[in-house]
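K.L.:
One structure, pasted below without further comment.
The values are calculated or read from the model by the stated rules, or taken from the named source; none is laboratory data. Treat the numbers as computed from the prediction; the structure is a model and nothing was measured. Note: ideal-geometry Cβ built from the backbone for every residue, glycine included; neighbour counts use all protein chains shown. Heavy atoms of the whole protein, side chains included, go into the accessibility calculation; ligands, DNA and RNA do not. Shrake-Rupley method; radii C 1.70, N 1.55, O 1.52, S 1.80 Å.
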Amino acid sequence: MKYDVKNLTLEEKMKLLTGKNSWELETANGKLPSVFLSDGPHGLRMWDAEKRETKKATAMPNIVVVANSWDRELAYLDGATIADDCIEKGADVLLAPGVNIKRTPLCGRNFEYFSEDPYLAGTLAKAYIEGVQSKGVGTSLKHYCANNREYDRFYQSSEIDERTLREIYLPAFEIALTAQPWTVMCSYNPINGVWASENKWLLTDILRNEFAFDGVIVSDWGAVHNSWKAVKAGLDLEMPYRDKAYEEIKDGYEKGYLTEEEIDARVQKILELMEKVENDKKVVATTKEERHENAVKVAHGGIVLLKNEDNLLPLKGGNILLNGTLEYMGGGGSAFVQTDYKPRSLKEELASALGERARVSVSNFGMNSELSLYGARNAYQDAYEKDAVILCVGNNAHIESESHDRAGIRLSCTQEDLILNTAKVNKNVIVVIFAGSAIDVSPWVDKVKTVLFAGFSGEGTLQAVADIIAGKVNPSGKLSETFPLCLSDTPTGDTRGDGFVDCYQEGVFVGYRWYDKYEKAVAFPFGHGLSYASFEYSDLEICKKSETDYEVSYTVTNTSRVDGKEVSQVYVRDVFAMVTRPNKELKGFEKTFIKAGESKRVTITLNARSFAYYSIPLKKWYVENGDFEILVGASSRDIRLTGKLKIELPENEQVTH
Ligand code: GLC
């Protein structure tokens, strides 16, 4: 090690455990290098102290779009692209990705998170981290843990039973940790009554000892309530600088609550981080233009075609009207990126993508104006005369943002009226939704032919949407979060906890696990997404490698005349479980490019964890003997192939029932 804890005074070591300011680590009076931490998951958000403004960077798609791509390579590219901006502008650790589970569509930061399913969230976060760190820039896997609402996020305790924690709220971290993120960020909230920043069971017993995390555990900004207690629990670094932090640590040490060995152990992690920052290669590989192209590419892969009656898309041509509101860059708060990219209008992008075959006009009441009554009549007259109408609707950075949750999950009345009234006068309506989380589409979805979920896709949004509408790109995204029929159908309904405790009484039944268990219809299921191609599944084979290791193989055929990518999903069902288990759980997926008329063989491997549940009596992951079903689907509710297997472990590996 280049930096040795022995060369530091006790005071220097104590001061090292708290940031120097909002974004930098202490340097022990210049003995150590400066390390700069900076947001965020959708691109670099870095404060320029000289110019007193946020530095400009490429605004990549929000994580919701990366997740909807179901594409490990695209997640990697997304991370690597952001890392180039970090290198160029001097950020050493990127404070991303967030993997908190989408327990409720109301959560204000769902645009920043991956999924309602921990396997999907962890798998894509792993690829994202690998992408960022491949460039020698660190990451911060966050917010550990159970930070699933913005409402009262600093104080409201997440009350969760251990099996639910283990099966739903920890696995995304567990999977992403295999990418060895340089840091993990603890959340603000208490978990079962103990602050995350002081939660020894979570920080040391589980994260460090059980999950073998060997990087730096950093607090969320302002999440520490008592510094010596945080250090004792295993927190390495409190951010940002807080004037009482050093005194609290010194006080804890002098009172014998904290030993120098415990302080040294935390300091050691910080010194190791500094060495990573210094040692790992940092080479910018992309120009700003290439980063923009990557932003468009990620958007292409993560936009979801939810509905497409009569194959209205890709648009053939004719007179096309554009209307609605256009807010698409991303959700608000610490993840919002300031880009200086000047996008062309959607009209220009569509005209360019559609070429001579179409004439695109914008409703005479503009794309961002609220329609006046008089305006509405003109707009509908306008729509009546067109071959098709594209309506842009959704949320914006004020509705979906850090620090508050959404009040509901429907579109605004103005937007719903625009859709319903336009559909009265034109049968070819295409609705493009720009949002970071599930929208209740039930009031209008049956009235329109086509719905495209563009998410918040960053600076490349309009180009990507136009390419898909015109058929230059075949959509391949699939939902990483269920679109319910209404808020009251969701596991938490319209609740926000009681201001003291948020009780996770739905247990493991989150997202599709919930809608399956209570056999609830949904607007669009987890894993759903259409293509301009069509795919058939066949020839399922389940090859046994051991009692709990299997290879699941099947063939996907593109039965259309257009090339496309298909996300096939593998779910596991424990048919006669001795505990309540979800109807099915995602345990594998693959995104496969298949040329028109061709077939590809896909193989997914399953291991013991694919079948196990967390046993409270045994305090471990446990595979029970019995019948399991393997479900291969195009979505969680579009199962195309089903296979069966029986697990028969030796009796001494089974508990007595
Ligand atoms: C915020 C966020 C966290 C962010 C940090 C620094 O409160 O919770 O995600 O990285 O502070 O801005």
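K.L.:
Could you please let me know if residue 322 is open to solvent by less than 30 Å² (accessible area, probe 1.4 Å), assigned to a strand (DSSP E or B) and away from the ligand (no atom under 16 Å from the Cβ)?
P.N.:
Numbers: open to solvent by less than 30 Å² (accessible area, probe 1.4 Å): yes; assigned to a strand (DSSP E or B): yes; away from the ligand (no atom under 16 Å from the Cβ): yes.
Yes, satisfied.
K.L.:
Scan 347, 316 and give me the residue that is away from the ligand (no atom under 16 Å from the Cβ), free of Cβ contacts under 8 Å to residues at least 60 places away in the same chain and part of a loop (DSSP other than H, G, I, E, B). Even if it seems obvious, please write down each step before you answer.
P.N.:
Values: 347 fails: part of a loop (DSSP other than H, G, I, E, B).
None of the others qualify; the one that does is 316.
K.L.:
Just to check your reading of the model, which residue among 644, 587 is within 25 Å of residue 305 (Cα to Cα) and touching a strand residue (DSSP E or B) at 6+ places or on another chain (Cβ under 7 Å)?
P.N.:
Details: 644 fails: within 25 Å of residue 305 (Cα to Cα).
Every option except 587 fails the conditions.
K.L.:
Within the bounds of the range 30-38, is there any residue that is modelled with pLDDT of 95 or more, open to solvent by 10 Å² or more (accessible area, probe 1.4 Å) and within 14 Å of the ligand (Cβ to nearest atom)?
P.N.:
Among the residues of the range 30-38, at least one is modelled with pLDDT of 95 or more, open to solvent by 10 Å² or more (accessible area, probe 1.4 Å) and within 14 Å of the ligand (Cβ to nearest atom), which makes the answer yes.
Table: residues versus (1) within 16 Å of the ligand (Cβ to nearest atom); (2) under 30 Å from residue 187 (Cβ atoms); (3) hydrophobic (A, V, I, L, M, F, W, C); (4) open to solvent by less than 40 Å² (accessible area, probe 1.4 Å).
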{"position": "385", "(1), (2), (3), (4)": "no, no, no, no"}
{"position": "388", "(1), (2), (3), (4)": "no, no, yes, yes"}
{"position": "394", "(1), (2), (3), (4)": "no, yes, no, yes"}
{"position": "399", "(1), (2), (3), (4)": "no, yes, yes, no"}
{"position": "410", "(1), (2), (3), (4)": "no, yes, no, no"}
{"position": "413", "(1), (2), (3), (4)": "no, no, yes, no"}
{"position": "417", "(1), (2), (3), (4)": "no, no, no, no"}
{"position": "420", "(1), (2), (3), (4)": "no, no, yes, no"}
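K.L.:
Go through the range 536-560 residue by residue and tally those that are assigned to a strand (DSSP E or B) and either more than 20 Å from residue 627 (Cα to Cα) or open to solvent by 50 Å² or more (accessible area, probe 1.4 Å) (or both). Steps first, please.
P.N.:
As a first pass, look at the range 536-560 and keep what is assigned to a strand (DSSP E or B): 536-544, 550-558.
Retained after the next criterion (residues that are either more than 20 Å from residue 627 (Cα to Cα) or open to solvent by 50 Å² or more (accessible area, probe 1.4 Å) (or both)): 536-539, 541-544, 551, 554-558.
Qualifying residue count for the region: 14.
K.L.:
Out of the range 107-131, which residues are of a type in the set (Gly, Ala, Ser), away from the ligand (no atom under 16 Å from the Cβ) and more than 23 Å from residue 495 (Cβ to Cβ)?
P.N.:
We begin by selecting, within the range 107-131, every residue of a type in the set (Gly, Ala, Ser); these are 108, 115, 121-122, 125, 127, 131.
Of the ones still in play, those that are also away from the ligand (no atom under 16 Å from the Cβ) are 115, 122, 127, 131.
Hits for the range 107-131 are 122, 127, 131.
K.L.:
Return the residue satisfying two criteria in turn: it lies in the range 132-150 and is assigned to a loop (DSSP other than H, G, I, E, B) and in contact with a Phe, Trp or Tyr (Cβ under 9 Å, 6 or more places away or on another chain), and of such residues it is nearest to the ligand (Cβ to nearest atom). Walk me through it before giving the result.
P.N.:
Within the range 132-150, the first condition is being assigned to a loop (DSSP other than H, G, I, E, B), and the residues that meet it are 134-137, 145-150.
Add one more test, that the residue is in contact with a Phe, Trp or Tyr (Cβ under 9 Å, 6 or more places away or on another chain), and what stays is 134, 137, 145-148.
On the way: 134: 21, 137: 15, 145: 13, 146: 14, 147: 8, 148: 13 Å.
In this case the residue turns out to be 147.
K.L.:
On to the next question. Residue under question is residue 188, and the condition is that it be within 25 Å of residue 20 (Cβ to Cβ) and surrounded by fewer than 24 Cβ atoms within 10 Å (Cβ to Cβ); does it hold? Step through it out loud before you land on a result.
P.N.:
Numbers: within 25 Å of residue 20 (Cβ to Cβ): yes; surrounded by fewer than 24 Cβ atoms within 10 Å (Cβ to Cβ): yes.
It is true that residue 188 is within 25 Å of residue 20 (Cβ to Cβ) and surrounded by fewer than 24 Cβ atoms within 10 Å (Cβ to Cβ).
K.L.:
What do you reckon, is residue 298 within 16 Å of the ligand (Cβ to nearest atom), within 30 Å of residue 35 (Cβ to Cβ) and crowded, with 21+ Cβ neighbours inside 10 Å?
P.N.:
On the way: within 16 Å of the ligand (Cβ to nearest atom): no; within 30 Å of residue 35 (Cβ to Cβ): yes; crowded, with 21+ Cβ neighbours inside 10 Å: yes.
Here the answer is no, as residue 298 does not meet what is asked.
K.L.:
Would you tally the residues in the range 422-439 being assigned to a loop (DSSP other than H, G, I, E, B) and either within 11 Å of residue 390 (Cα to Cα) or open to solvent by 10 Å² or more (accessible area, probe 1.4 Å) (or both)?
P.N.:
From the range 422-439, those assigned to a loop (DSSP other than H, G, I, E, B) are 426-428, 435-439; that's our starting set.
Adding the requirement that they be either within 11 Å of residue 390 (Cα to Cα) or open to solvent by 10 Å² or more (accessible area, probe 1.4 Å) (or both) leaves 426-428.
Here the count works out to 3.
K.L.:
Taking residue 375 as meeting all but one of (1) touching a residue at least 60 places away in the same chain (Cβ under 8 Å); (2) surrounded by fewer than 24 Cβ atoms within 10 Å (Cβ to Cβ), write down the number of the exception.
P.N.:
All conditions are met except number (1).
K.L.:
Kindly indicate whether any position in the range 54-64 is farther than 23 Å from residue 343 by Cα, open to solvent by less than 20 Å² (accessible area, probe 1.4 Å), modelled with pLDDT of 95 or more and within 12 Å of the ligand (Cβ to nearest atom). Let's see the steps before the verdict.
P.N.:
Here is the first cut: in the range 54-64, the residues farther than 23 Å from residue 343 by Cα are none.
Looking through the range 54-64, none of the residues is farther than 23 Å from residue 343 by Cα, open to solvent by less than 20 Å² (accessible area, probe 1.4 Å), modelled with pLDDT of 95 or more and within 12 Å of the ligand (Cβ to nearest atom).
K.L.:
Tell me the strands (runs of 3 or more DSSP E) entirely within the range 152-238 that contain at least 3 residues that are outside the structural domain of residue 510 (by TED's automatic domain parsing), modelled with pLDDT of 95 or more and farther than 28 Å from residue 80 by Cα. Can you show your working first?
P.N.:
On the way: elements: 157-159, 183-186, 216-219.
Those strands (runs of 3 or more DSSP E) span 157-159.
K.L.:
When the residues of the range 183-205 are filtered to those that are hydrophobic (A, V, I, L, M, F, W, C) and within 16 Å of the ligand (Cβ to nearest atom), which remaining residue is farthest from the chain's Cα centre (by Cα)?
P.N.:
Initially, the range 183-205 is screened for residues hydrophobic (A, V, I, L, M, F, W, C), giving 184-186, 191, 194-196, 201-203.
So of that shortlist, the ones also within 16 Å of the ligand (Cβ to nearest atom) come out as 184-186, 191, 195-196.
Details: 184: 16, 185: 16, 186: 17, 191: 21, 195: 24, 196: 21 Å.
Within the range 183-205, the match that is farthest from the chain's Cα centre (by Cα) is 195.
K.L.:
Something else about it: In the range 446-465, how many are in contact (Cβ under 8 Å) with a residue 60 or more places away in the chain and open to solvent by 20 Å² or more (accessible area, probe 1.4 Å)? Spell out how you get there, then give the answer.
P.N.:
Of the residues in the range 446-465, the ones in contact (Cβ under 8 Å) with a residue 60 or more places away in the chain are 448-465.
Still in the running and open to solvent by 20 Å² or more (accessible area, probe 1.4 Å): 449, 463.
Result for the range 446-465: 2.
K.L.:
Sticking with this structure for a sec: Please go through the range 106-126 and pick out each residue that is open to solvent by 10 Å² or more (accessible area, probe 1.4 Å) and not polar (S, T, N, Q).
P.N.:
Here is the first cut: in the range 106-126, the ones open to solvent by 10 Å² or more (accessible area, probe 1.4 Å) are 119, 123, 126.
Once the filter is applied, which keeps residues that are open to solvent by 10 Å² or more (accessible area, probe 1.4 Å) and not polar (S, T, N, Q), the range 106-126 yields 119, 126.
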